[in-house]
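Heads up: the structure comes next, in structure tokens.
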There are 6 protein chains.
Amino acid sequence: MKVKVSRKAHFNAAHRLYLPEWDDAQNESVFGKCNNPHFHGHNYELIVSVTGDIDPQTGMVIDMKELKELIKMEVEEALDHKNLNVQVPEFKSLNPTAENIAVVIWNKLRPHIAADRELEVVLYETPRNFVTYNG
Amino acid sequence: MKVKVSRKAHFNAAHRLYLPEWDDAQNESVFGKCNNPHFHGHNYELIVSVTGDIDPQTGMVIDMKELKELIKMEVEEALDHKNLNVQVPEFKSLNPTAENIAVVIWNKLRPHIAADRELEVVLYETPRNFVTYNG
Amino acid sequence: MKVKVSRKAHFNAAHRLYLPEWDDAQNESVFGKCNNPHFHGHNYELIVSVTGDIDPQTGMVIDMKELKELIKMEVEEALDHKNLNVQVPEFKSLNPTAENIAVVIWNKLRPHIAADRELEVVLYETPRNFVTYNG
Amino acid sequence: MKVKVSRKAHFNAAHRLYLPEWDDAQNESVFGKCNNPHFHGHNYELIVSVTGDIDPQTGMVIDMKELKELIKMEVEEALDHKNLNVQVPEFKSLNPTAENIAVVIWNKLRPHIAADRELEVVLYETPRNFVTYNG
Amino acid sequence: MKVKVSRKAHFNAAHRLYLPEWDDAQNESVFGKCNNPHFHGHNYELIVSVTGDIDPQTGMVIDMKELKELIKMEVEEALDHKNLNVQVPEFKSLNPTAENIAVVIWNKLRPHIAADRELEVVLYETPRNFVTYNG
Amino acid sequence: MKVKVSRKAHFNAAHRLYLPEWDDAQNESVFGKCNNPHFHGHNYELIVSVTGDIDPQTGMVIDMKELKELIKMEVEEALDHKNLNVQVPEFKSLNPTAENIAVVIWNKLRPHIAADRELEVVLYETPRNFVTYNG
């Protein structure tokens with residue numbers, strides 16, 4: 001019996017969308033207000049889901065407390081109250097769009113989840129914009 | 001790397017559920033309060049999702065601003081503050097259930113989304129009732 | 001010890017904002033899309049609050065089950081799945097704005113609440129627009 | 001045209017996580033605060049989804065009123081305001097984790113849903129912890 | 001310049017509503033399903049608000065981190081994952097209604113808030129039932 | 001009949017909490033992670049409420065469309081997708097705490113609201129932290 005177990009978390013961060021190889025006009029045209037060179041920010045809401053078989057003894061797929069701690073160690077410690085462009089190595093040469101942030105989070109978590117489990121990341125950039133990545 | 005990008009929108013509308021080929025008793029029996037001949041209404045909450053590869057340069061699957069504008073042009077302009085039965089051509093001979101409204105919205109959006117992208121529509125008729133359609 | 005006890009409820013209804021003594025242009029100018037003569041509608045979310053002393057024996061200000069039932073009898077029965085302009089007597093000559101609907105609901109409930117209790121009504125017309133009335 | 005129709009419901013219950021074949025130290029180590037022998041409790045939020053073809057006449061996959069009633073009869077009557085460990089037969093020898101509760105609810109509903117329809121259960125144990133089961 | 005600063009927190013607990021001096025029939029009649037002798041439970045959502053002058057230097061009324069910590073120490077430690085009737089001294093002879101729990105929480109927090117600040121407690125027993133107490 | 005009319009809006013911004021007259025250690029001690037010199041950010045949710053008499057003809061206290069437009073012009077244009085410390089004049093020498101941002105917003109709106117109306121601003125910095133200011 002496969003069950004998907006989901007845990008919500010959140011972090012706050014500043015970011016700016018732009019490509020250094022583009023000039024200002026092109027960055028402004030594509031990224032609009034998100035291209036503000038002084039940065040802006042978001043409360044990112046995160047849902048991490050792990051799908052696997054229920055352990056027939058404990059009745060759990062994964063211990064929620066461990067999942068909560070894993071998200072804290074791997075995601076919140078790295079991203080919370082940070083400037084993504086300036087302070088997070090993965091975005092030194094990667095545009096911190098919601099899509100790319102979700103992929104980076106998935107890559108950070110994947111090695112810590114057993115290989116026979118599926119992993120999904122949902123990331124809300126605002127209450128109206130969100131993305132889903134499952135590898 | 002395939003990512004699903006989702007955008008929330010909303011519109012308000014009036015509607016009535018009934019079949020003209022049925023008599024009043026049958027309409028009342030099947031559609032209950034939703035059969036009120038003077039109409040009732042809802043705040044419809046809409047989530048439109050587009051799934052595709054991340055553009056390796058911009059880091060985006062689809063520009064959220066373009067998706068927001070597309071929903072505004074194709075869905076909100078057509079349905080917001082309207083009487084679905086009376087003023088929306090698609091429902092002249094189609095019962096405006098949540099299921100049918102979701103399919104109509106999907107059909108309106110599909111031609112504007114690149115063929116290699118998947119499209120999904122989630123429509124909340126009330127905070128407790130919602131439907132999902134993906135073609 | 002005075003405590004405010006609140007109960008959420010909801011109802012769906014159709015309405016139209018307009019003044020019969022105004023011509024079409026003036027109604028359109030003031031009420032915009034809400035003036036659609038074929039009606040539109042909303043999921044109204046309602047919060048009814050009663051403030052009073054805690055009964056020292058039961059520990060309750062008012063029985064939540066009774067408050068729920070009162071809202072059902074006095075408000076939901078009268079307004080749910082109705083066309084406010086056409087089917088609700090109070091709006092025969094009163095414009096069904098959120099403000100006026102809140103006052104009408106307050107007036108319906110007030111006689112059923114003990115005189116030494118305060119009554120407040122909060123009415124959400126949409127998740128972004130709401131009004132508060134306390135007599 | 002296949003559409004997924006979803007209905008939200010909720011129930012309140014007390015429970016305790018533990019395995020009678022384990023000693024106190026092991027139960028405490030694995031289940032932490034959830035192992036409190038005097039029980040604790042939750043407002044469980046439930047989303048039941050049925051996927052199937054739209055009836056071309058009524059425009060419905062399943063009547064929302066019937067789905068609401070089915071959830072009330074099969075799930076709420078059995079679980080609401082109950083102590084899951086003590087008063088619900090299915091958990092006499094099954095640990096009432098969110099995963100197991102979701103499976104029990106799915107098994108209660110499955111016989112009442114037409115065989116050609118898919119069934120999914122999402123269960124929120126808290127606003128931050130939830131599970132999904134679809135058979 | 002007086003500002004009200006609010007912080008949300010939550011805890012899960014089991015409880016039962018009844019009066020030992022009443023017989024079973026009277027308890028059942030007044031408290032209904034909440035009188036289940038085996039207990040039921042809730043995810044209590046809590047909003048604690050402190051109103052006071054903005055410190056002209058720091059720009060804060062109260063440090064949110066300190067308020068968060070205070071709620072954790074005084075409320076969550078005492079109530080989270082507990083059986084209110086059995087394990088929380090304040091409810092040994094006090095019916096754990098939402099009203100009484102809010103008053104108990106207010107009394108726990110009041111000595112830790114400066115005398116010239118106002119304190120308010122909002123407690124959600126379910127997403128639809130909540131109470132407010134401010135002394 | 002006085003009614004309070006409320007409108008929700010939102011904006012995203014980057015900020016940093018610190019006092020230039022303090023050294024790094026003191027800023028770190030008081031403002032913690034919010035003192036990150038590279039900034040972090042939030043999705044600020046805003047509720048603006050205007051209280052006044054219902055116009056007996058239109059049934060409105062204030063036109064929601066005008067209130068929405070006023071918030072857009074005075075607040076969103078000034079703060080959305082901005083770095084509050086660097087790009088918003090009011091915070092050149094004022095720490096952009098939630099308390100101070102709420103006061104700044106109130107001061108921006110007050111001149112545009114009729115003198116006999118009351119004005120209240122609620123500002124959510126995160127879903128768990130918010131402040132209320134009414135002059």
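The values are calculated or read from the model by the stated rules, or taken from the named source; none is laboratory data. What you are looking at is a predicted structure, and each value in this text was computed from that prediction instead of being measured. Positions of Cβ are generated from backbone atoms using ideal geometry, with glycine treated the same way; all protein chains shown enter the neighbour counts. Please note that ligands, DNA and RNA were not included when accessible areas were found on the heavy atoms of the full protein model with its side chains. Shrake-Rupley method; radii C 1.70, N 1.55, O 1.52, S 1.80 Å.
Key figures
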read-out: Residue pairs meeting the criteria (Cβ under 6 Å; at least 6 apart or on separate chains; first farther than 21 Å from D:Thr132 by Cα and touching a residue at least 12 places away in the same chain (Cβ under 8 Å), in the stretch A:53-80; second buried (at least 17 other Cβ atoms within 10 Å of the Cβ) and β-branched (Val, Ile, Thr)); value: A:Val75/A:Ile105
read-out: Filter pass, C:Glu45 being touching a residue at least 40 places away in the same chain (Cβ under 8 Å), buried (at least 21 other Cβ atoms within 10 Å of the Cβ) and either within 14 Å of chain B (Cβ to nearest Cβ) or closer than 23 Å to E:Ala98 by Cβ (or both); value: no
read-out: Some residue of the stretch A:18-41 being open to solvent by less than 10 Å² (accessible area, probe 1.4 Å), out of contact with any helix residue (DSSP H, G or I) (no Cβ under 8 Å at 6 or more places or on another chain), within 10 Å of chain F (Cβ to nearest Cβ) and not basic (Lys, Arg); value: yes
read-out: Residue that is nearest to B:Leu123 (Cα to Cα) [pool: residues in the stretch B:30-40 that are in contact with a strand residue (DSSP E or B) (Cβ under 6 Å, 6 or more places away or on another chain) and in a loop (DSSP other than H, G, I, E, B)]; value: B:Phe39
read-out: Top-ranked residue of the stretch F:1-17 - restricted to ones that are more than 7 Å from chain C (Cβ to nearest Cβ) and charged (D, E, K, R), ranked as nearest to F:Val86 (Cα to Cα); value: F:Arg16
read-out: Check on E:Asn12, buried (at least 21 other Cβ atoms within 10 Å of the Cβ) and either in contact (Cβ under 8 Å) with a residue 24 or more places away in the chain or part of a helix (DSSP H, G or I) (or both); value: yes
read-out: Set D:Asn43, D:Asn27: member being at pLDDT 95 or above and not in a strand (DSSP E or B); value: D:Asn27
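To keep it simple, each residue is scored yes or no on (1) out of contact with any Leu (no Cβ under 8 Å at 6 or more places or on another chain); (2) of a type in the set (A, V, I, L, M).
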| residue | (1), (2) |
| --- | --- |
| A:Lys65 | yes, no |
| A:Leu84 | yes, yes |
| A:Val88 | no, yes |
| A:Ile113 | no, yes |
| A:Val131 | no, yes |
